[in-house]
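What follows is a short report on a single structure.
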């Protein structure tokens, strides 16, 4: 498999009061089309990753909203897979190209979350959980807190190790002018921040964000560039109570195995990665489930600085969901954009040396959906 990332476009992430969702989607789309050096009319299909707009603003039919605004009459699709909506949109766009149906596809991930009250956002996000979890009054901080507690009990992971994820990702975000929180923090700041659901605190958690990202994917393989060489999605039970284990995300393991096999790569070949750190425990689980370290060693792996810029394999150089921001439908697309910039060697102060192969992991809910992509030059 070889799908070219022909163009990329990304808005700033944050509380963007002066822009609506369409403004953000068009800003990213036009930037990506311009970067691809094609015209709007060269686009054969548009895939839109979005989770919340139907519940927040009542606009479910988002594909034609974007295509009509771009002056297109091509096929359009809205893809919903909870917080993995953007990654799924990329995955399904790739299938359309591999099938020979489309040559150039625009994938847009967009979300406008700050216009709604936090109570409405919490309610809308819980659509990614099971009905039994909702009846029990569980929110996603509480669900990930259960995963964290299980990991702490089984592997003696410490609160300080969890906090190091936030510290590292804020450092990376301090080098990213598109990040929602481009500043550094300390371990003490994380540990002393407001408790949400033990052991999760405010600074263990990704924020409510606005933003959009877009990529132009193409079957054109005639020139040098960045290519997606592996793309896989997998799933697990939506209810944590039905899982085989609370200390791993099985869908991550399955998707990673498939994507790496497609690319003919091993996890040791990956030089840079963007993973789904919606909460600090999620990045630690990702390190283990992707195979960067042994099960139970994720906390120590992060603390060893292997995943920090200058380390063996920097992770979340964008700042991740925690510090770059998490407009849920946009996150999976933003991950592709960050790795593309790294492989193009255009990441400035965030640039990873010798980056020629990268990986993204995008998670929906508590791991009921996972999408993994491998990118190479």
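The values are calculated or read from the model by the stated rules, or taken from the named source; none is laboratory data. Just so we're clear, the structure is a prediction, and the values are computed from it rather than from any experiment. Methodologically, a virtual Cβ is constructed for each residue, glycine included, from the backbone with ideal geometry; neighbour enumeration extends over all protein chains shown.
Within the range 232-249, take every residue that is in a helix (DSSP H, G or I) and either within 21 Å of the chain's Cα centre (by Cα) or touching a residue at least 40 places away in the same chain (Cβ under 8 Å) (or both) and give me the one that is surrounded by the fewest Cβ atoms within 10 Å (Cβ to Cβ). Looking at residues that are in a helix (DSSP H, G or I) and either within 21 Å of the chain's Cα centre (by Cα) or touching a residue at least 40 places away in the same chain (Cβ under 8 Å) (or both), I get 241. Report whether or not residue 184 is out of contact with any strand residue (DSSP E or B) (no Cβ under 8 Å at 6 or more places or on another chain), surrounded by fewer than 18 Cβ atoms within 10 Å (Cβ to Cβ), without any contact (Cβ under 8 Å) to a residue 24 or more places away in the chain and part of a helix (DSSP H, G or I). So residue 184 fails the test. Among the numbered conditions (1) touching a helix residue (DSSP H, G or I) at 6+ places or on another chain (Cβ under 6 Å); (2) under 26 Å from residue 372 (Cα atoms), the only one that residue 75 does not meet is (1).
In the condition set (1) farther than 22 Å from residue 80 by Cβ; (2) touching a helix residue (DSSP H, G or I) at 6+ places or on another chain (Cβ under 6 Å); (3) not in a strand (DSSP E or B), residue 34 is compliant with all but (2).
Residue-by-condition table, conditions (1) modelled with pLDDT of 95 or more; (2) farther than 19 Å from residue 27 by Cα; (3) touching a strand residue (DSSP E or B) at 6+ places or on another chain (Cβ under 8 Å); (4) not in a strand (DSSP E or B):
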site	(1), (2), (3), (4)
88	yes, yes, yes, yes
92	yes, yes, yes, yes
102	yes, yes, yes, yes
111	yes, no, yes, no
127	yes, yes, no, yes
134	yes, yes, no, yes
141	yes, yes, yes, yes
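Every condition in (1) on the phi > 0 side of the Ramachandran plot; (2) under 19 Å from the mean Cα position of the chain (by Cα) holds for residue 137 except the one numbered (2).
Among the residues that make up the range 18-28, is at least one of them within 25 Å of residue 342 (Cα to Cα) and in a loop (DSSP other than H, G, I, E, B)? No: zero hits.
Could you name every one of the helices (runs of 4 or more DSSP H) located completely within the range 250-336 that has at least 1 residues being under 18 Å from the mean Cα position of the chain (by Cα)?
250-263, 280-290, 320-323
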